[in-house]
Amino acid sequence: MKQCMERLYNGIIKENPTFVLMLGMCPTLAVSTSAINGLGMGLSTMVVLALSNLMISAMRKIIPDKVRIPAYIVIIATFVTLVELLLHAYVPALHESLGIYISLIVVNCIILGRAESYASKNKMMPSLFDGIGMGLGFTLALTLIGLVREFLGAGTVFGISGPDLYGASLPELIVGLINQWLDPNSTSEAVQLWNRILTDEISSFSPMGIMVMAPGAFFILAILTAIQNVIKEKGKKAGKDVSKIQSGCNSDCINCKDSSCAKYPTDAEKVISEESDNLQVNGLIDEGARLPVEVVKDEDKQLQDDEKQEENNGLQDDEKKKESNSLPVDEINEESDAELNEETAVEEVSDEINSKETVIESEDNNILEDSMEESKPEKKHKMTLLEATQEIDIVELEELLGEEEDDTDE
Amino acid sequence: MSDYIVQLIVIALGSSLVSNVVLSQFLGLCPFLGVSKSVKTAAGMGGAVIFVITLASLVAGLLYGFVLEPLGITFLKTIVFILVIAALVQFVELFLKKYMKSLYKALGVFLPLITTNCAVLGVAITNVNLEYDLLTSVVNGFATSVGFAIAIIILAGIREKIAFNDIPKPFQGMPIVLVTAGLMAIAFCGFAGLI
Amino acid sequence: MNYIGILTAVAVVAGIGLFIGIFLGIASIAFRVKTDEREEQIIEALPGNNCGGCGYPGCSGLAHAILKGKAPVNACPVGGEAVAKEVGRIMGIEADATKRMVAFVKCQGDCEQTHMDYNYTGLQDCQMLNFVPNQGPKSCNFGCQGYGSCERVCPFDAIHVVNGVAVVEKEKCKACGKCLAVCPREVIEMVPYEAEYLVACSSKEKGPEVKKSCDIGCIGCGLCKKNCASEAVTVDTFLAHIDYDKCVSCGVCAEKCPKKCIVNK
């Protein structure tokens, strides 16, 4: 019994399929155009999930391993057909609004995923409650998303509409409400507006139509995932175990190593190798190819720690040696510095001599004058770069036009 | 006759652009978001999808017309369609591996991804719901998959371009892709007056 | 109770299921593709992370090439000797001894010691810097720019940008070569794992120019070459190189270097 309760809690909160695992996005986006649709879809999925979990768990010892995916699919499809016929008979309005998405519960990742990962390995009662828990979590998520989209997109909540504001500001409204109470027949605009609202003449406010259409669903899901990412980051920094978040399926089938998933690409190695080469060199894979997990045993960890300690000790020894050798090294440095200064001084002097020679020789020669001017703009070119830090356009122009620009600037 | 062809063209345009299978009907989101990291893989996926959906709508249409309808057991369509599609994809994969190695290398890997994809089953069931005859079903299937291919290739192109951008930390990864898909969906809404 | 309806439904689904089962069974036998069983064993023996360091498309690509005889059995740099021995055993060929190599970033120009021409806020990618004035904000055009293209590309998390310059963690590096391929300045080099003294500069500019750009760049003074007893150090276009076939790791070059650009790893 406790296990069953734990399964329920798991499915609704800890591993909520939409908010935590990010499974089953297709129906989530398609069906959550209003809260009622979300609720209906969620409950249908819950029924299918619970029953199929039960049946698969009951038959888990009979189904051979090679044909397990087709077998699961047949079982799930049977229950989906059942649910669809029931809905068609007893709630035709819901059946109309959900359309083909009821039939598409068959290929919902959640159901196949839970069957694969839980029902095929556990007993009947926990599997049933796991299905109910996951289904309730899914329903909760769908209803919430449906509520938000319906409120923003159509101005109604579960079909009930609210008052219209028609451009009046909040203070005006509050004052108007007071005035309306004091004097219902006043001619001020706010009072008239309130009269119309209170007599139900005006019904809904101008909604954001895009929210009930396809793009709105994408935006809401993006914000949801962003919030998840923030929680994940904060959880990681605080040291909590956030491995469950977005762990269900990151939709990256090509690089996925989960061979138990129905979508696992056969010969996936070949695709991973070829594609990941291209993608990695272009820096397009965020985390690189997934590596096989190395199991570092405790002994190995201790060895690694020991090695690190030895390294630290070794470093300390080296530092001591350096200190004791410092005097001769300093002398060597001074010597080398002196030599270096000599060498650079020699180079500079030789450069000066060369430039002076060119100056003397160029008094009569125009070509040599041009070469002097060419060597000067190079140095000034760097100065302009340093000065013009923000004006990148000008710098680019200078680069493009080269020395001509510098000559004209000079 | 010409009326029929015009109707086919209208249906084709409608399925591929106006009610685009992934940006309007939300079918096939998993591979859409997952396989669109580079244009090359997206093109491979698009090709595989076109191949599978056209073939699947043909076979499903045949089965529905010649087996399910005459026997009056149309309520079995979900089970029968999904079984047949899974088997078909398996068979096609074996066939390609043996006889068309180059084609298998190009798109063979994506075939299992399409088996349990909403899009294939969705197209088959839509064909049944709208009571299309066999040729119309096949054309509808082909046009739907072409729409999918267009959408996924465009998304892959955009994703390659924004790969180096300075995206705010919470939006890195999946959220920015979803926002991009949302903007694409808005753009595709512009096709609404086309037919 | 419509018994005939129920029976028809059961019969049809069962019939289709049976037909599919038989059909696929026959197809899987008829369309079997012959594979050499050794290929499976080789793929098992290889590390399996498809880094591409061997130059072939992933581990299965290398297995294929080894089977055909195009690749030597010790072609996998990540697996090293152990994998080479195992693959050699499967193929029946002796494996040659492989020298473990690691990547090394020939630059020490971090934020404190190198000069910047301007502040840069733009695309954080080293290859994109080629389009930016003077090819990047750092004064030295030969050094590591520090925007992390190598870090993003490394499949083993062995290279990181620390304080504006890339640093390789020797233990994690598997010498797959991806960072070398992506670095636009070609600042990363493969050096033997055992090498202790490394020249940490790639600047080919003259001494005075280098001094303006960076505090610890190699100025090509040649003191290391003069003091090397094994003639392992050469100076070429104002940059020192160490030949690791001759180097005995005595450390004299590092002591003599005035700019401290030969480091001890």
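The values are calculated or read from the model by the stated rules, or taken from the named source; none is laboratory data. As the structure is a computational prediction, the values presented were derived from the model and not from experiment. With ideal geometry, Cβ positions are generated from the backbone for all residues, glycine too; neighbour counts draw on all protein chains shown. Just so you know, the surface numbers come from the protein's heavy atoms only, side chains and all, with ligands and any DNA or RNA stripped out. Shrake-Rupley method; radii C 1.70, N 1.55, O 1.52, S 1.80 Å.
Just so you know, the averaged projected area of the alpha carbon convex hull for the range C:37-91 sits at 2.9 nm². Backbone geometry of the range A:210-222 corresponds, through the Karplus equation with coefficients 6.51, -1.76 and 1.60 at θ = phi - 60°, to 3J(HN,Hα) couplings of 5, 5, 8, 9, 4, x, x, 4, 4, 5, 4, 5, 5 Hz, x marking Gly and Pro. Expressed as a whole percent, the proportion of Cα-Cα pairs in chain C lying more than 35 Å apart is 39%. Sum up the charges of everything whose Cβ sits under 14 Å from the Cβ of A:MET55, counting Lys and Arg as +1 and Asp and Glu as -1, but leave A:MET55 out. Value of the local net charge: +4.
Would you give the gap between the C-alpha center of the range B:66-144 and the C-alpha center of the range A:111-135, rounded to a whole Å? Computed from Cα coordinates, the inter-centre distance equals 28 Å. Distance between the modelled labels on A:LEU182 and A:LYS236, one decimal in nanometres: 5.9 nm (7 Å Cα→Cβ projection).
Of the two radii for the range B:3-194, the radius of gyration is 1.01 times the Kirkwood radius, both from the alpha carbons; that is the Rg over Rh value. Its relative contact order, with pairs defined as Cα atoms under 8 Å and 6+ residues apart, puts the range B:3-194 at 43 percent.
Cross-link check: pairs C:LYS106/C:LYS172; B:LYS98/C:LYS70; C:LYS172/C:LYS256 evaluated at a Cα-Cα cut-off of 28 Å; pairs beyond the cut-off: C:LYS172/C:LYS256. Globularity index of the range A:90-150 is 1.34 (Cα radius of gyration / 2.2 N^0.38 Å, N = number of residues).
Candidates B:GLY108, B:VAL84, B:ASN140 compared by Cα position along the dipole of chain B: farthest toward the positive end lies B:GLY108, with charges placed on Cβ. Excluding A:ILE132 itself, calculate the net charge of residues whose Cβ lies under 12 Å from the Cβ of A:ILE132, where each Lys or Arg counts +1 and each Asp or Glu counts -1. Result for the local shell: +1. On a 31 Å Cα-Cα criterion, which of the cross-link pairs B:LYS161/C:LYS99; B:LYS40/B:LYS77; C:LYS99/C:LYS260 come out too long? Those over the limit are B:LYS161/C:LYS99; B:LYS40/B:LYS77.
A 30 angstrom limit on the alpha carbon distance is what I want to check against. Which of A:LYS123/B:LYS105; B:LYS37/C:LYS204; C:LYS138/C:LYS170; C:LYS206/C:LYS246 exceed it? Over 30 Å Cα-Cα: A:LYS123/B:LYS105; B:LYS37/C:LYS204.
Counting only Cβ charges, +1 for Lys and Arg and -1 for Asp and Glu, the dipole size of chain C around its Cα centre is about 340 debye. With the helix formula -39500 (n - 2.57) applied to DSSP H stretches of n ≥ 4, chain B reaches a computed 222 nm mean residue ellipticity of -22500 deg cm²/dmol.
Can you give me the angle between helix B:118-129 and the longest principal axis of chain B, using Cα atoms only, in degrees from 0 to 90, rounded to the nearest 10? Between the helix axis and the principal axis of chain B, the angle is about 40 degrees. Solvent exposure of B:ASP133, expressed as accessible area, is near 70 Å², computed with a probe of 1.4 Å over the protein chains only. Placing B:ASP166, C:ASP236 in order of accessible area, with the largest value first and a 1.4 Å probe, yields B:ASP166, C:ASP236.
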